[in-house]
Amino acid sequence: MVERISALAGHNQPGHQGHYDETGKIGVILREPSNLVLHQVAAWRDSIDEVGKALAKLIGADVAAGPCSAVTGSNGSMLRIEPMKWWLIGIEAPGFKADKAVTLDLSHSRTRVCVSGDDAAEFLNRHFPLDLRETSFPIGSVASSATHHVGVTLWRSPDGYELFIPRGFALSLWEGFVESAQQFGVEIA
């Protein structure tokens with residue numbers, strides 16, 4: 001397998017930038033989790049329930065992720081990104097017979113950025129036309145959106161807001177995120 005090199009390599013230097021209040025509060029934390037393992041599984045209409053159950057078992061969960069949601073199990077996570085498609089995070093996709101499902105390794109095609117901190121939702125609302133408040137986008141929610149005409153998948157994980165950005169646009173969006181997060185006080189972790 002080819003070694004995955006981040007699109008942000010050398011550009012996501014750790015440290016603090018931007019505005020700080022008298023308490024030194026950091027409002028936004030940006031980080032890129034290392035070694036992204038991301039597989040897409042697309043099922044057919046007649047096999048969607050069977051494939052969903054198999055994927056839930058694979059990640060160590062009791063149920064498959066439903067529309068616009070995610071499930072995390074003991075072995076990985078699954079996001080329902082479209083009516084008949086899931087993304088598996090942190091785990092390799094199993095092989096399926098062609099009449100059941102098809103899989104695609106997306107690990108090299110996306111850059112994963114985690115946004116957390118007290119001001120994370122307000123910061124992201126300056127980039128995405130989504131209601132990211134807890135009542136509208138609780139942990140486990142998944143949405144497809146866009147910023148600067150770039151399609152991005154968002155997942156509200158227990159760690160924060162996870163953004164899956166197409167690799168070719170990751171650096172330019174990262175630079176914009178770092179600059180606009182400075183108004184909140186930003187830490188690159």
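Data table
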read-out	value
Residues within the range 148-168 that are surrounded by 18 or more Cβ atoms within 10 Å (Cβ to Cβ) and either without any contact (Cβ under 8 Å) to a residue 24 or more places away in the chain or farther than 15 Å from Leu8 by Cβ (or both), tallied	7
In the range 169-189, residue surrounded by the most Cβ atoms within 10 Å (Cβ to Cβ) [restricted to those that are farther than 17 Å from Ala7 by Cα and among the small types (Gly, Ala, Ser)]	Ala181
From Ser69, Ser34, residue being within 19 Å of Glu162 (Cβ to Cβ), at pLDDT 95 or above and not hydrophobic (A, V, I, L, M, F, W, C)	Ser69
Residue tally, condition surrounded by 18 or more Cβ atoms within 10 Å (Cβ to Cβ), touching a Lys or Arg at 6+ places or on another chain (Cβ under 6 Å) and either assigned to a loop (DSSP other than H, G, I, E, B) or outside the structural domain of Phe164 (by TED's automatic domain parsing) (or both), over the range 114-147	1
Qualifying strands (runs of 3 or more DSSP E) (wholly inside the range 47-95; at least 1 residues being buried (at least 21 other Cβ atoms within 10 Å of the Cβ) and free of Cβ contacts under 8 Å to residues at least 24 places away in the same chain)	77-82
Residues located in the range 96-113, provided they are within 30 Å of Gly24 (Cβ to Cβ) and either aliphatic (A, V, I, L, M) or not in a strand (DSSP E or B) (or both)	Val113
Flag if Asp21 is surrounded by fewer than 16 Cβ atoms within 10 Å (Cβ to Cβ) and either modelled with pLDDT under 95 or in the same structural domain as Asn125 (by TED's automatic domain parsing) (or both)	yes
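The values are calculated or read from the model by the stated rules, or taken from the named source; none is laboratory data. What you see is a predicted model, and the numbers here were worked out from it, not measured in a lab. When we count neighbours, we look across all protein chains shown, and the Cβ atoms used for this are built from the backbone with ideal geometry, even at glycine.
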